[in-house]
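Worksheet for the structure shown next.
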Amino acid sequence: FSLLLPRVLSEESHCVSEKADCPAPHKMSTTERTFIAVKPDGVHRALVGEIMARFEKRGYKLVALKMVHATEDHLKVHYQDLKDKPFFAGLVTYMASGPIVAMVWEGLDAVKTGRVMLGATNPLASNPGTIRGDYCIQTGRNICHGSDSVESANREIAHWFKSDELVNWTSAAQPWIYE
Ligand code: IDP
Ligand code: MG
């Protein structure tokens with residue numbers, strides 16, 4: 001039972017039990033922001049609207065949006081943590097091969113829930129109902145990006161957007177999404 005308990009707790013609170021900094025639900029911020037991008041394959045395959053609609057319909061608030069054909073140098077910084085991986089060069093080439101739709105979405109638990117909505121890195125391991133689980137097959141063509149922590153989100157948002165490109169606004173739906 002003691003072995004099961006952390007998992008049960010983590011599922012109920014939607015927190016990863018290993019993360020000591022995981023906030024208690026009542027302390028979570030409705031203004032948490034995450035960087036989400038539709039990769040070049042998602043753009044070519046006309047999935048931009050579909051991916052945006054998932055976040056919009058869920059209740060997350062769009063605070064920044066642009067289409068950008070990123071340079072390899074820009075992408076090398078974006079993926080700096082993966083620079084020693086064997087797939088790094090191919091990843092940068094793929095990401096620079098066409099336009100990307102870069103976005104910032106805001107709301108309660110936006111970073112972790114955004115990742116859940118995207119699905120696993122390997123689409124074959126992604127559940128149906130997730131974006132990758134519904135629309136792609138291979139890890140190297142997994143159509144979307146989402147920040148993996150609040151710290152990465154802040155770094156990625158600053159890397160892709162100037163501060164005046166982030167729009168602070170209050171949605172009319174706000175009181176119908178949050179109690
Ligand atoms: P994530 O996008 O789910 O956060 P990361 O491990 O951060 O996954 O990897 C970044 C991206 O690098 C992946 O989304 C995928 O496009 C690519 N990638 C990761 N692992 C592989 C691989 O083994 N082969 C090819 N591409 C990979
Ligand atoms: Mg990642």
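Computed quantities for the displayed model
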item: Cβ pairs under 9 Å, 6+ apart, first in segment 33-55 and over 19 Å from Glu156 (Cα atoms), second more than 16 Å from ligand 1 (Cβ to nearest atom) and in a strand (DSSP E or B); result: Val43/Met67; Val48/Met67
item: Qualifying residues in segment 163-179 (those that are assigned to a loop (DSSP other than H, G, I, E, B) and of a type in the set (Val, Ile, Thr)) - the one surrounded by the fewest Cβ atoms within 10 Å (Cβ to Cβ); result: Thr170
item: Check on Val111, within 16 Å of ligand 2 (Cβ to nearest atom) and either within 17 Å of Gly49 (Cβ to Cβ) or aliphatic (A, V, I, L, M) (or both); result: yes
item: Search result, residues across segment 65-120 that are touching a Phe, Trp or Tyr at 6+ places or on another chain (Cβ under 8 Å), of a type in the set (D, E, K, R) and buried (at least 20 other Cβ atoms within 10 Å of the Cβ); result: Glu106
item: Those residues of segment 82-100 which are in contact (Cβ under 8 Å) with a residue 24 or more places away in the chain and assigned to a helix (DSSP H, G or I), in sequence order; result: Gly90, Leu91, Tyr94, Met95
item: Near pairs, Cβ below 7 angstrom, 6+ apart or cross-chain, from segment 139-157 (within 13 Å of Lys112 (Cβ to Cβ)) to any residue that is of a type in the set (Ser, Thr, Tyr); result: Gly146/Thr34; Ser147/Thr34; Ala153/Thr34; Ala153/Ser147
item: Helices (runs of 4 or more DSSP H) lying entirely in segment 38-80 (those with 2 or more residues that are aliphatic (A, V, I, L, M)); result: 48-58, 72-78
item: One residue from Ser126, Ser163 being without any contact (Cβ under 8 Å) to a residue 60 or more places away in the chain and under 15 Å from the mean Cα position of the chain (by Cα); result: Ser126
item: Test: residue in segment 101-111 that is in contact with a Lys or Arg (Cβ under 7 Å, 6 or more places away or on another chain), part of a loop (DSSP other than H, G, I, E, B) and within 12 Å of ligand 1 (Cβ to nearest atom); result: no
item: Of all residues in segment 143-162 being within 16 Å of ligand 1 (Cβ to nearest atom) and assigned to a loop (DSSP other than H, G, I, E, B), the one that is farthest from Glu50 (Cα to Cα); result: Ser149
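Computed from the coordinates by the stated procedures, all read-outs in this text should not be read as laboratory data. Predicted, not measured: the structure shown is a model, and the values here were computed from it. Counting neighbours? That spans all protein chains shown, and the Cβs are built from the backbone with ideal geometry, glycine included.
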